[in-house]
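Notes for the one structure printed next.
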Amino acid sequence: MTRLAFPLCASALALVVAVQAQARDYGQHATVWPVIEPDLLAQIHARLLHLEASGETAKLNDELKRRTIARVNRPTPVAGLGLASTIRRWSFDPTITVDTDIKDDKGRTIIARGTRVNPLDTVPLRAPLVFLDGDDQRQIDWALARYGRTPAKFILVGGAPLELMKAKQRRFYFDQGGKLSGHFAIRAVPAVIEQTGRALTVTEQPPKSPPARQP
């Protein structure tokens, strides 16, 4: 052993002795219980068996079915929309700026980042979009009188679309969550969206007003 190795071994031995000297046994000062964790899956299974045996599962399923049917028949109305009292019209430009390169299946760029794209250039709006409150008979009568013989799409912001479809023998859509009316900044109904060139014209107007003249 070299002179350098001896001091290192001595130092390591001293460190071990010091650690052992500090590691004392303080004894047991309280009751020690084994760690027992209940099986979560077993608990869930037991709970489900109890619900099924007591009939609660059937009740919950029936309630869920009832609520689902009710929501389909009468969706949650779009909040924040009023009845149009005056004509309000504005132009909506649907043009978007592509924020990343769009490539085809072979990796070739077909639309470069930063390109401005107007969807109406490739997918025109072929029929007006008519936003209505299905619980307001005046709006329904107005829409049917003006657009009943056209391919216009009736989009409800309130009311029962399936009931109206059966009564009027015409398809009614629903603006779920107000996504469309919010996107086009509609504040009142009836409101109509039509294409004018490379833009969309949005018109809010009272249901009893004469047909609005296009800009």
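Within the straight-line cut-off of under 17 Å between alpha carbons, the aspartates and glutamates reachable from residue 208 are 133, 135, 136, 141, sequence neighbours fewer than 8 places apart in one chain being disregarded. Going 7 Å from the Cα of residue 194 in the Cα-to-Cβ direction, what parts of the stretch 105-144 have a backbone nitrogen less than 12 Å from that spot? Residues passing the 12 Å test: 127-130.
Among 123-131, 88-96, sorting by the average number of other beta carbon atoms lying within 10 angstrom of each residue, highest first, gives 123-131, 88-96. Per-residue extension of 0.36 nm, minus the Cα-Cα distance of residue 125 and residue 47, leaves a gain of 22.7 nm for this segment. Taking all Cα-Cα distances within the stretch 82-204, those exceeding 20 Å account for 51%.
No value in this document is a laboratory result; all are computed from the given coordinates. The model shown is predicted, which means the values in this text are computed figures rather than measured ones. Note: ideal-geometry Cβ built from the backbone for every residue, glycine included; neighbour counts use all protein chains shown.
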